[in-house]
1. Do you know which residues across segment B:58-113 are open to solvent by 20 Å² or more (accessible area, probe 1.4 Å) and in a loop (DSSP other than H, G, I, E, B)?
2. Of everything in segment B:501-537, what is among the small types (G, A, S) and within 15 Å of B:T111 (Cβ to Cβ)? Give them in sequence order.
3. Looking at segment A:124-156, which of the residues that are over 13 Å from the mean Cα position of the chain (by Cα) and open to solvent by 40 Å² or more (accessible area, probe 1.4 Å) is nearest to A:M36 (Cα to Cα)?
4. Select from segment A:19-49 the residues that are of a type outside the set (S, T, N, Q) and facing chain B (nearest Cβ under 10 Å) and list them in ascending order.
5. Would you check if there is a residue in segment A:250-257 being of a type in the set (A, V, I, L, M, F, W, C), surrounded by 17 or more Cβ atoms within 10 Å (Cβ to Cβ), touching a Leu at 6+ places or on another chain (Cβ under 8 Å) and modelled with pLDDT under 90?
6. Any residue at all in segment B:359-375 that's in contact with a Ser or Thr (Cβ under 6 Å, 6 or more places away or on another chain), within 14 Å of chain A (Cβ to nearest Cβ), more than 30 Å from B:E427 (Cβ to Cβ) and open to solvent by less than 50 Å² (accessible area, probe 1.4 Å)?
7. Quick check, is A:I75 away from chain B (no Cβ under 14 Å) and either buried (at least 22 other Cβ atoms within 10 Å of the Cβ) or closer than 20 Å to A:V240 by Cβ (or both)?
Amino acid sequence: MKKILVPIKRVIDYAQKVRVDPSKGPQGVQLKNVKMSMNPFCEIAVEEAIQLKEQNKGAEVVAISVGPKQCTETIRTALAMGADRGIHVETKPDVRGDYIDLQPWAIASLLKGIVDREDAVDLVLLGKQSIDSDCGQTGPLLAGLLNAPQATFAANIERGDDGSFTVERETDTGTETIKLNASGKPAVITCDLRLNTPRYPTMPNIMKAKKKPVETISLEDMVKELGLDLDEVLTPKHEVVEVYEPPPRKEGETVGSIDELLGKLKEKGLVA
Amino acid sequence: MFLSFTPRLRLGIHCSNLLSKRCASNHSRNILLRGPTSQDVSYFRSVLARPGYSVLDGTANQDTKDEIDNRYNIDWTRHYQGSSDLVLRPQTTSEVSSILKYCHENYIGVTTQGGNTGLCGGATPISNEVVLSMEYMNRIYKLDEYSGVLTCDAGCILQSLHDYAEKNGYLFPLDIGSKGTCQIGGNVSTNAGGHHFFRFGGLHGTVVGMEVVLADGRVLRMNIDANDDDNNERTHQFQQSSASLRKDNTGYDLKQLFIGGEGTLGVVTKVAVACPALPTSKNVALLVCNCYKDVLQVLKTSKGQLGEILSAIELIDMNTMKFVQRYGSGIGDHLISELLASEVADNQPLFILVESQGCNQEADSSKMDAFLTSLYESSTIENGFLAQDSKHIEEIWGIRESCNPSVARAGYVHKFDVSIGIESYIEVADEVIDALKEANLPDLTVCVWGHVADGNAHINVISGQVENNAAKAEIIENIVYTAVMKRKGSISAEHGIGQSKRKYMSQVKDKTALELMSQMKNVFDPHFILNPGKYLP
């Protein structure tokens with residue numbers, strides 16, 4: 001096995017309370033001074049890639065991220081987990097990756113170009129969705145553009161000696177197991193929660209990661225190199241119409257006795 | 001000094017048959033207090049607005065008695081059990097005032113209780129005192145957007161104050177493991193220290209105002225502005241009835257007496273706490289050192305390289321970490337395994353949690369990175385892990401906050417919370433281990449963790465068996481306290497005195513100080529009804 005690509009996304013940290021500024025309309029989600037981290041499903045994808053690399057000596061894991069300059073930090077985390085090198089497609093600071101500017105189609109187009117550019121890629125592992133847009137489209141779109149076999153929501157991945165991948169995937173009613181045959185094209189698999197528990201990048205690995213190469217190339221340059229159209233890439237295919245915070249939960253009332261409870265229920269017409 | 005019997009019970013033995021109406025009397029005064037009668041209960045029912053809520057009468061039925069026994073009569077460590085038959089849960093300051101006035105006039109003992117998470121039995125009745133629970137006084141009044149002063153009732157659960165402050169862009173300056181249950185009134189009354197004492201200082205500094213009800217029912221307001229009823233009288237045009245100001249130097253700062261007073265001078269009903277701005281960037285790392293000398297180096301380096309953003313440094317020893325792995329809730333298991341993976345079997349590594357808080361993620365991350373790199377390259381740390389996202393931060397703090405509960409599940413815990421010079425921290429633990437061996441006490445594990453930057457060590461001696469051996473407990477206590485006192489330390493850094501350390505007060509406190517404290521008690525609570533049998537010798 002030669003090469004595994006893992007596209008990773010820098011998103012608002014899952015524990016952050018997302019705030020919406022109503023005066024900014026659809027651009028209202030506040031990103032300034034907000035803690036960002038690697039998308040949890042992308043983390044799982046990185047972990048899976050490292051595990052496969054460990055099982056297949058000689059495989060190279062490449063972490064790729066499209067976003068502002070801070071994405072280098074996100075790539076460093078992947079490197080500290082064990083990825084070998086990184087590619088950072090750097091966007092201008094005001095270009096938003098949370099569905100407002102860059103959308104799955106643009107990313108998938110870029111990734112398709114990068115897969116071709118890299119050559120001899122056996123597998124592309126992605127998170128099943130990002131926690132900001134929740135689209136879940138980049139993986140399937142990429143597979144379509146590559147005309148490659150795909151499996152989504154992977155809960156378990158096994159690589160066969162013939163280069164095939166047997167994937168157990170999550171469905172609404174349980175799991176189903178499908179086999180992606182070796183086809184000369186890279187397999188595209190998106191990762192779900194149960195696939196693995198990402199390892200902790202501890203100090204020795206963090207130190208090693210500092211020396212691993214990260215290629216930084218601006219979005220404009222990458223687009224040119226791949227022969228894509230910059231406008232095409234930057235013009236979103238979908239328009240966000242409205243963004244709002246969910247309405248606050250109403251406070252409950254405490255009552256002092258069963259009688260009081262019955263009284264209130266009757267008052268509210270919930271009980272005869 | 002007259003010290004009547006104080007029935008100290010362990011592990012669930014009831015003693016209500018010993019006292020029908022009398023509680024332990026108090027220190028030097030030969031005052032006899034009594035427990036409540038049915039007439040008293042009727043009186044309380046008449047003055048409380050919602051007696052169905054606010055009066056738990058254990059003599060009425062077995063269910064109520066059971067509830068009182070399970071919730072109010074026993075403490076968190078399960079070492080102390082009282083036999084109260086009456087729990088009062090007032091909703092307003094004026095209700096507290098009516099209750100205390102009556103108890104004062106009738107010499108009825110009162111034990112105030114908040115979240116009941118204390119570790120010294122300070123909130124557990126000695127026998128059948130009335131339990132005054134603050135749980136229904138839990139309103140948050142306001143948070144001043146400019147000064148950051150948060151004003152609330154004493155019964156507010158600490159976590160709710162954190163949540164409220166965070167929503168408004170502020171950080172509540174006190175943070176301890178029990179924050180999901182403990183109440184701010186109890187925190188203030190015990191002068192709780194917590195994880196961020198190092199960064200924000202203690203409650204003596206952050207509490208700017210307070211409302212207290214004295215033993216005779218008088219309401220004392222000190223730089224606080226909050227109304228839960230209409231009973232505040234202003235007799236003079238300029239009389240201070242408001243404000244929760246950050247600074248006010250007009251007279252003796254009486255509120256300081258109630259902070260750490262453990263409910264013996266008055267009942268705290270409201271507090272005003274100055275909150276710092278919510279930091280927007282937080283970094284947490286868990287580091288592994290081979291020996292304490294390296295830990296001291298980490299401490300020094302952190303002050304130099306993290307400086308103003310350093311917000312917490314906590315130490316956890318290997319014995320504790322093993323118990324967390326075995327008995328913890330599972331949080332951080334993977335991380336612990338990974339950090340231990342490269343450890344040689346006999347090693348006794350020390351773990352340090354380092355936290356930084358600031359307002360610029362990029363600047364803080366680069367400081368943290370430089371700090372960790374320099375520690376690793378100089379071999380001051382053998383290994384370490386820097387949290388990459390919130391999940392990791394939760395896991396690392398989860399490990400630290402699991403120390404106390406995990407150790408409690410491992411066996412019978414002889415718990416100590418001591419203050420010593422930072423350089424002697426581990427030395428004391430080692431001395432205790434040696435002394436225990438010499439005293440021929442087998443099957444004991446000594447665990448140490450705590451706020452190392454404050455010199456505050458939580459030393460826990462765990463016995464594999466459940467036991468009830470007072471003699472053994474005494475030997476262990478003597479060993480630990482001797483090691484601490486010979487280094488001029490304190491036998492209670494932050495947990496307080498309560499019941500558990502009362503007997504040491506006359507040994508560790510200056511005689512003049514004790515005399516003055518006793519005189520003060522006389523001034524504030526001349527009938528000695530508040531929290532009898534605790535704190536002062």
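1. B:T59, B:A60, B:N61, B:W76, B:T77, B:R78, B:H79, B:D85, B:Q91, B:T92, B:N106, B:Y107
2. Correct list: B:G533 only.
3. A:L141
4. Answer for segment A:19-49, where residues must be of a type outside the set (S, T, N, Q) and facing chain B (nearest Cβ under 10 Å): A:K32, A:V34, A:K35, A:M36, A:M38, A:P40, A:E43.
5. no
6. yes
7. For A:I75, the condition - away from chain B (no Cβ under 14 Å) and either buried (at least 22 other Cβ atoms within 10 Å of the Cβ) or closer than 20 Å to A:V240 by Cβ (or both) - is not met.
Listed here are the residues, each with its yes/no results for (1) part of a loop (DSSP other than H, G, I, E, B); (2) in contact (Cβ under 8 Å) with a residue 40 or more places away in the chain.
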position: A:L141; (1), (2): no, no
position: A:I189; (1), (2): no, yes
position: A:R199; (1), (2): yes, yes
position: A:K212; (1), (2): yes, yes
position: A:E225; (1), (2): no, yes
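The values are calculated or read from the model by the stated rules, or taken from the named source; none is laboratory data. From a predicted model like this one, the values you see are computed outputs, not experimental measurements. Quick reminder, even Gly has a Cβ in these numbers, built from the backbone with ideal geometry, and neighbours come from all protein chains shown. For accessibility, only protein heavy atoms count, side chains too; no ligands or nucleic acids. Shrake-Rupley method; radii C 1.70, N 1.55, O 1.52, S 1.80 Å.
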